[in-house]
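Structure first, then comments.
The values are calculated or read from the model by the stated rules, or taken from the named source; none is laboratory data. Since the structure is predicted, the reported quantities are computational estimates derived from the model, not experimental observations. Glycine also receives a Cβ, built like all others from the backbone with ideal geometry; neighbour counts cover every protein chain displayed. Calculation scope for accessible area: heavy atoms of the full protein, side chains included, ligands and nucleic acids excluded. Shrake-Rupley method; radii C 1.70, N 1.55, O 1.52, S 1.80 Å.
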Amino acid sequence: MLNQQLRLSGAPALLLTLLLTGPAFAQTPSAPASNTRQAAQTALVTVRGHLKDAASGEALIGASVGVRERPGVGAVANEYGFYSLSLPAGQYTLVLRGLGFGAQERRVTLTAGQNQTLDVELRADGQQLEEVVIASERQDRNVTSTEMGTMQIKASELKKIPALLGEVDIIRAVQLMPGVQTAGEGTGGFYVRGGGVDQNLVLLDEATVYNASHLMGFFSVFNADAIKDVQLIKGGIGAEYGGRLSSVLDIRMKDGNAKRVAGEGGIGSISSRLTLEGNLGKRGPVDSAGNRAPAPGSWMVAGRRTYADVFFKLAKDKNIRDNTLYFYDLNMKANYKLTDRDQLFVSGYFGRDVSSNSSFGFDWGNATGTVRWNHLISDRLFSNTTAIFSDFNYSLGSREAASEFTWKSHIRDYSLKQDFTFYLNPSNTLRFGAIGTLHRFLPGDITPGPQSYLNAIKLKGSNASEGAVYIANEQKFTPRLTVNYGLRLSGYANTGAAKVYKYASEEANAPSDTISYKAGEIIKTYGGIEPRLAATYSLTESSSVKASYNRTRQYLHLLSNTTASLPFDVWTPATASIPPQTANQVAIGYFRNFHDNMFEASFETYYKTMDGQIDYKDNAQVLLNDRVERVILTGTGRSYGAEFLVRKQRGPLTGWVSYTLSKTERKVGGINEDTWYPVRYDRRHNLAVVASYQVGPRLNLGANWTFVTGGAVTMPVGRFEFEGVAFPYYSSRNGYRLPAYHRLDLAATLDDRIKPGRKFQGSWTLSLYNAYNRHNTFSIFFREKENAPGQTEAVRTYLFGIIPSVTYNFHF
């Protein structure tokens, strides 16, 4: 026990030592100053500010500030476009860059004791003003940063990818990246590096989204018109993130246009959408260059709705007329600059799916809310305080009098988060903070109708509290070596009100004892340290090697024993009998850019081990089971693979090719004689080709082709008869494979003729989903052959053939 305590305390001590000694290692020692003048010359002076889009005034996430006189020295703008850079007094040329934006140079003179503020607006490529000094643009962040297993997608890239029924979809775009697997047509979610659907932390403006699917997974809940930035992190997960094992999908909504009222939208085959944005408050004066300052605030409202149910009303068949089928989204955001050092953000999302007929109906939806306060404590210390609400709920029910019922379920979170960023010096950026979350679960509440034969059922799921503190530092040890190291300490408590059942043995079905816990009473606690490490070593100006290690913990489970991820799967907290999940992942990669960063290429390999993985006993019943722990088995998992990516970023032809070779297995006591077996989403090969070609000023052609090894399934391999009744017996767990999945999508976008002075612009998009009509297997079932008693045949089902769609998009 003593040795364990020493090991746990040694890790924070090591981090503290590095933080204290880091600045000494990172800076070149100089001779002691002999007088006050020499001391002033070596004092650090801070230049700070915000980097924004010149067209809208929105913050540019990840834009960079470099120093021409000091190669390798610079700063990166945070999620709010804020940067801070401290340098010795003197004259410097700052080079400001953003992905997809032309670079600018600004000459500054830093005087000892006089910090400066420098806000800069960057213009998109091809929209530069003659007065702006343009530097050669470098898009080499993928090589120089410590980010590993990270992909960033801009909204402009998303809209070039062919889409199902004309709807641009973030989740489908993410599934085209290396290391990411689709859950299949007609299902929601995605799998990352061998992790389950529930092991992905999906954030919308920092709020957790528990189910990101519309129409059973055909669309995601993210309206691309309302999204500014999408970042997927598969490896080297920062210490500021926690609660999931495999990945982080961090999505940021648009802040709104701080310069004018603008809008965009589209009218599609089954849905339409509209986004409006504008400024809050009056805009500032015009500067010497003729640029008018943005307003102190802005707003954005985006809505989307399908209308299949409208056409149902026109049908001659009454059964069709009585059907209802639609989903809607509503995104809202506003921000206002309270003072030069304070800014307030408020954002929310509301969405719902509804499907019903005269006898049965179901619906599900998400609601999130985020309130954030940015405060600049000093020129080098940035604070962000966030209050977060998240809710996912569903309901279904029967309207037949004899079997009438309503079934409701939800998971609801309340979080408070505090983050700090301290720009210690040009070689050290320190991040630290804390978060606390209350989870509230309602696994099932069934209310029967007045004439129903059903009984009322209410499962009282236990609740949970989760908290964490973290500290991390990104340190440039040498011009070639940069390391991001940190620790996250997480704690968890499973709380009442709840009933906990005790069993005399593992084989016993009936409980031997029941313990009741009051509301808020602690049932079980867990916790531990999660070290995070990522390092980059630059081999040349255009190539580098990277390595990362992270340990992650997850205290929630998604219970589902189906082959698809459905909205009605049940979330449950870790309990005394269901342990939390933990994972350890190591990765190493080689990154190389070519032809002045026009092409980027990468190779990454990873190995991940996972504990606390759950599977189910044969014929397990998960829904409405108040003793679900009796059908759950726990064990370990492992996943390893190699990922390849080649991407072209500039020119008429852009796109990428990604390939993943991987294997994912589990070992769970009581399954397959305690040997390793593939999980159902284990796919050996995953290839994606994405291309966009700008034929001329008005016409753009897009295509993507995917190939994925078929998923693992358990199949009946024979049958036996007993007293005239046939019973199947099955293969080993996931012992067979579905046929391989592949699909080609095509799209053509034709812009309206550009008329000088006209603000309204539109475009037509024609897309073909599954262009060569591949019948990809959705499910397989077995039945007795017609006219052949005693013989069985397998029947494959599929969802989609060719699906054409036409969408008219516009912006003003």
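Here, the range 687-766 has an Rg and a Dmax of 25.5, 84 Å when only alpha carbons are counted. Once the Cα-Cα distance is subtracted from the 0.36 nm per residue extended length, the VAL108 to ARG753 segment shows a gain of 227.9 nm.
Each of ALA519 and GLN761 was given a label point 7 Å from its Cα along the Cα-to-Cβ line. The distance between the two points is 5.6 nm. Each principal axis of the Cα cloud of the chain was taken in turn, and the coordinate range along them, longest first, works out to 101, 75, 49 Å. Note on MET715: accessible area approximately 30 square angstrom, rounded to 10, probe 1.4 Å, nucleic acids and ligands left out.
Please give the contour-minus-distance gain from TYR808 to ARG650: 0.36 nm per residue of separation, less the Cα-Cα distance, rounded to one decimal in nm.
Details: separation 158, 0.36 × 158 = 56.88 nm, distance 2.61 nm.
Fully extending the segment from TYR808 to ARG650 adds 54.3 nm.
Find the accessible area per residue for the chain; the probe is 1.4 Å, ligands and nucleic acids are left out, and the unit is Å². Provide the component values of the computation, followed by the final result.
Working: 36500 Å² over 812 residues.
Value returned for the chain: 45 Å² of accessible area per residue.
Using mean Cβ contacts within 10 Å as the protection proxy, how do 742-748, 196-202 order, highest first? Spell out each step's value before the answer.
Details: 742-748: 18.6, 196-202: 23.6.
Ranked from most to least packed, the peptides come out as 196-202, 742-748.
Close amide H pairs (under 5 Å, H built 1.01 Å from N) link GLY711 with LEU738, residues at least 5 positions away or on another chain. Taking 14 Å as the straight-line reach from the Cα of LYS254, the aspartates and glutamates in range (excluding those fewer than 8 positions away in the same chain) are ASP53, GLU58, GLU79, ASP205, GLU206, ASP225, ASP229, GLU264, GLU277.
Placing R0 at 45 angstrom, the Cβ-Cβ distance between THR324 and ALA89 gives a FRET efficiency of 0.05 after rounding to 0.05.
Tell me the relative contact order for the chain as a rounded percent, counting alpha carbon contacts under 8 Å between residues six or more apart. Mind dumping the intermediate values first?
Details: 2202 pairs, mean separation 77.6, N = 812.
Value for the chain: 10 percent.
Cα centroid separation, the range 775-812 to the range 445-515: 37 Å.
Label-to-label distance for ARG719 and ASN455 is 3.5 nm, based on points extended 7 Å past Cα in the beta-carbon direction.
Close amide H partners of GLN116, meaning residues 5 or more places away or on another chain with modelled amide H under 5 Å apart, are THR46, VAL47, ARG48. Surface listing: SER692, SER512 arranged by accessible area from highest to lowest gives SER512, SER692, probe 1.4 Å.
Ligands, DNA and RNA excluded, the heavy atoms of LYS160 present near 90 Å² of accessible surface to a 1.4 Å solvent probe. Each Cα pair under 8 Å and six or more residues apart adds its separation to the average, and for the range 496-598 the resulting relative contact order is 23 percent.
Give me the percent of the accessible area of the chain that comes from carbon and sulfur atoms, probe 1.4 Å, all protein chains in place.
Working: 20970 of 36500 Å².
The computed percentage sits at 57.
Here the mean projected area of the convex hull built on the C-alpha positions of the range 707-812 is 10.9 nm². Placing a label point 7 Å from the Cα of LEU438 along the Cα-to-Cβ direction, the residues of the range 491-535 with a backbone N closer than 20 Å are 491-499, 517-526. Segment ARG774..LYS316, full-extension length gain: 161.7 nm, with 0.36 nm per residue of separation and the alpha-carbon distance subtracted. Report, to the nearest 10°, how far helix 2-26 tilts away from the longest principal axis of the Cα atoms in the chain, using its own Cα long axis and a range of 0 to 90°. Value to nearest ten degrees: 30. Taking the alpha-carbon centroid of each part, what is the distance from the range 615-634 to the range 192-214 in angstrom? Their Cα centres are 23 Å away from one another.
When ARG638, ARG193, ARG70, ARG753 are compared by accessible area of protein heavy atoms, the largest-first order is ARG753, ARG70, ARG638, ARG193, using a 1.4 Å probe.
The candidates HIS214, HIS775, arranged from most to least accessible area with a 1.4 Å probe in the full protein assembly, appear as HIS775, HIS214.
The lysine pair tally for the range 449-572, using Cα distances under 17 Å and a gap of 8 or more places or different chains, is 10.
When the chain is described by a simple charge dipole with +1 on each Lys and Arg Cβ and -1 on each Asp and Glu Cβ, the residue from ALA576, LEU438, GLN175 located farthest towards its positive end is GLN175. Counting heavy atoms of the protein chains alone, LYS318 has an accessible area of about 120 Å² for a 1.4 Å probe.
Each peptide among 221-234, 371-384 gets the average number of other Cβ atoms lying within 10 Å of its residues, and from highest to lowest they stand as 221-234, 371-384. Calculate, for ASN584 and LYS617, the FRET efficiency according to 1/(1 + (r/R0)^6) with r their C-beta to C-beta distance and R0 22 Å; round to the nearest 0.05. The formula returns an efficiency of 0.20 here.
Charge dipole (Cα centre; +1 on Lys/Arg Cβ, -1 on Asp/Glu Cβ; no other charges) of the range 584-708 amounts to roughly 420 debye.
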